[in-house]
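Visitor: Have a look at the structure that comes next, please.
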Amino acid sequence: MVLMYNSFMCKIIYLKGLNFLMRNIVKSIGAAVCAAALLCSAGCTGNTKWSFKTANNELSSGQWILYTFEGLNSAIQKLSTDEESASVDKIDWDSQQIENMAAKDWIYAEAKKSAKRYLTLEELAAKYGAEADNGTYVMYKSQYGYFYENFYKTLFEKLGIAENSYIDVMAMPSLLEDAVFTKMYGKGGEKEVSDDEVKKYFTDNYVAYYYVTADLETTDEETSEKTEVSADEKETIQTNFRKYAVMLNDQGKTTDDVTAQYLVDFSVDTAPTTDDATDKSEMTTGALNEAILAVKEGTAETKELDGKMYLIYRYDINTKTDSIKGADDDTDGTTSFIAKEDIVKTMKHDEFEDFIKEQMDALEYDRNDACVHKYDVSRTINIVLEQTKSS
């Protein structure tokens, strides 16, 4: 399996999170919150089409409003507990604290931070001659256009967020970040990472593994009730999986051999397998990660986890370095390689983030008070609540 730096999937998860939060926003707001809304300054009569800008780029009012909306949802998440989800009418936005700031001020600070980051990435892209990948942008445009039309259009039109602003904010920062990162750390970059450095980091920090699964439970489609498979079926599954462990541990067989045998044993066309490599720092939670880490390199074990039977094989990490391929390397058309670029991103993530923050701190920009005051955090809160009342 190719290791992909999939920022799009992260955002799909994020969007689902927004849907969950929106469902938990209650349908009214206290009079105290309304009274505490920031008043528009006299500057509101000026040009409110742009919010923040540098000498070369500017963000629209719609982009700024979207950042306040994102900040609102982040605030609700932070003010929620394991026992109870926070709701807008129960939050005193002027007095409740997030990171030692009034909640409403925290939302503004987060929105401003996001705006500055976007502008910083645009400045860096110009400096390094980095361009967002057009093919990926076209894919994003289609996907986010769908979300806008089918989930957010009514609310976002009331807020003043056009479809283009939404797509731009959701797609471009991550694309620019990827492009700048590649220019800095990729081939010929000022901080190019050598193949030897990548291989050393990989062998020191990564876990390479394969697993195949079989269900030990069935789920009723109507009631979602789970039922254990019969004793005979469970015994058959356990016998087969023990056989796969013997194939790998004692018979010199490969994971491809196990997959082929699984197809025969279970009379299926496709086996539910995973073949991957992951940084150990990303495997700190979850029973499956714990089970993978517990397996000794070069051996296979069977495990029963969460209603499934697993055959887990952990590769000797040193045998997987030849699978590391860069964008310019010949992969012979196979997808079973480990992307060098993904490893470099893991290696240099913290360093690159520190660099971006330094550049944000040094960014020279203008804030349009007329826009920022007109489209303030309180306005976003009120419109979101009005929308939930009518939905």
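The values are calculated or read from the model by the stated rules, or taken from the named source; none is laboratory data. Bear in mind the structure is a predicted one, so any value in this text is a computation, not a measurement. Ideal geometry is used to build each Cβ from the backbone, glycine not excepted, and the neighbour counts take in all protein chains shown. Keep in mind that these areas ignore ligands, DNA and RNA; they rest on the heavy atoms of the full protein, side chains included. Shrake-Rupley method; radii C 1.70, N 1.55, O 1.52, S 1.80 Å.
Visitor: Check the straight Cα-Cα distances from K374 and name the aspartates and glutamates below 15 Å, setting aside those fewer than 8 residues away within the same chain.
Guide: In chain and number order, there are no partners.
Visitor: So, one more: Pop a pseudo-label 7 angstrom from the Cα along the beta-carbon direction at both D105 and Q238 and give the gap in nm to one decimal.
Guide: Label-label distance for D105 and Q238, simple model: 6.2 nm.
Visitor: Shifting gears a bit: Along Cα→Cβ, 7 Å out, is where each label goes; now give me the distance between the ones at N56 and D196 in nm to one decimal.
Guide: It works out to 3.6 nm between the two label points.
Visitor: Hey, in the GNM for the chain with a 10 angstrom Cα cutoff, which one of G188, G252, G160 fluctuates hardest?
Guide: Between G188, G252, G160, it is G252 that shows the largest mean-square fluctuation.
Visitor: Straight distance only, please: which lysines reach the Cα of K199 with their own Cα at less than 24 Å, same-chain residues fewer than 8 apart left out?
Guide: Qualifying lysines at Cα under 24 Å: K183, K187, K191, K280, K296, K320, K325, K340, K345, K348.
Visitor: With the crude spin-label approximation of a point 7 Å out along Cα→Cβ, what separation in nm comes out for S336 versus S390?
Guide: Once both label points are built, they end up 5.6 nm from each other.
Visitor: For the range 111-243, what mean projected area does the convex hull of the alpha carbons give, in nm²?
Guide: Mean shadow area of the hull around the Cα atoms is 15.5 nm².
Visitor: Sticking with this one: Probe radius 1.4 Å, ligands and nucleic acids ignored: give me the carbon and sulfur share of the accessible area of the chain as a rounded percent.
Guide: Accessible surface attributable to carbon and sulfur in the chain totals 46 percent.
Visitor: Where Rh is the Kirkwood radius over the Cα pairs of the range 234-344, the temperature 20 °C and the viscosity 1.002 mPa s, what D in µm²/s does Stokes-Einstein return?
Guide: For the chosen part, D equals 137 µm²/s.
Visitor: What whole-number distance in Å separates the alpha-carbon centres of the range 154-232 and the range 252-278?
Guide: Between the Cα centre of the range 154-232 and that of the range 252-278, the gap is 24 Å.
Visitor: What's the FRET efficiency of K78 with D250 using the Cβ-Cβ distance as r and R₀ = 45 Å, to the nearest 0.05?
Guide: Approximately 0.30, to the nearest 0.05.
Visitor: So, one more: Suppose a student asked you for the relative contact order of the chain, using Cα pairs under 8 Å spaced at least 6 residues apart; what percent would you report?
Guide: 29 percent
Visitor: Could you work out the helix-only [θ] at 222 nm for the chain, with each DSSP H run of four or more residues adding -39,500 (n - 2.57) and the total divided by the number of residues, to the nearest 500 deg cm²/dmol?
Guide: Computed ellipticity for the chain at 222 nm equals -17000 deg cm²/dmol.
Visitor: Explain nothing, just the number: relative contact order of the range 97-206, from Cα pairs under 8 Å at least 6 residues apart, as a whole percent.
Guide: 29 percent
Visitor: With viscosity set to 1.567 mPa s and temperature to 4 °C, compute the Stokes-Einstein D of the range 212-296, Rh being the Kirkwood radius across alpha carbon pairs; µm²/s, no decimals.
Guide: Approximately 86 µm²/s, per Stokes-Einstein.
Visitor: Let me ask something else about it. For the range 306-391, what are the per-bin percents of Cα-Cα distances with bins 5 Å wide, up to the bin holding the maximum?
Guide: 3, 9, 9, 9, 9, 9, 9, 9, 9, 10, 11, 5, 0
Visitor: Now for a different question. Quick one: Karplus J couplings for the range 357-368, per residue in order, coefficients 6.51, -1.76, 1.60, θ = phi - 60°, nearest Hz, x for Gly and Pro?
Guide: 4, 4, 5, 5, 5, 8, 5, 9, 8, 10, 10, 8
Visitor: When only alpha-carbon atoms count, how far does the range 75-148 stretch along each of its three principal axes, as whole angstroms with the largest first?
Guide: Dimensions of the range 75-148 along the principal axes of its Cα atoms: 46, 30, 19 Å.
Visitor: Which whole-number percent gives the relative contact order of the range 207-351, counting Cα pairs below 8 Å spaced six or more residues apart?
Guide: Across the range 207-351, relative contact order equals 31 percent.
Visitor: If the elastic network links every pair of Cα atoms under 10 Å, which of S194, S60, S230 fluctuates the most in the Gaussian network model of the chain?
Guide: Largest GNM mean-square fluctuation: S230.
Visitor: Hey, another quick one. What do you get for Rg/Rh of the chain when both radii come from the Cα atoms and Rh is the Kirkwood radius?
Guide: With Rh from the inverse mean 1/r over Cα pairs, Rg/Rh is 1.04.
Visitor: Accessible area per residue of the chain at 1.4 Å probe, in Å²?
Guide: 53 Å²
Visitor: Still on this structure: Using θ = phi - 60° and the Karplus form 6.51 cos²θ - 1.76 cosθ + 1.60, what ³J(HN,Hα) does each residue of the range 171-182 get, whole Hz, x for Gly and Pro?
Guide: In residue order, the calculated couplings are 9, 5, x, 5, 5, 5, 4, 4, 5, 5, 4, 4 Hz.
Visitor: Let me ask something additional. Which one of T255, T81, T223 has the biggest mean-square fluctuation once the chain is modelled by GNM with Cα springs under 10 Å?
Guide: In this elastic network of the chain, the residue with the biggest mean-square fluctuation among T255, T81, T223 is T223.
Visitor: For an R0 of 35 angstrom, estimate the FRET efficiency from the Cβ-Cβ distance between K226 and D322 and round to the nearest 0.05.
Guide: Using R0 = 35 Å, I get an efficiency of 0.25.
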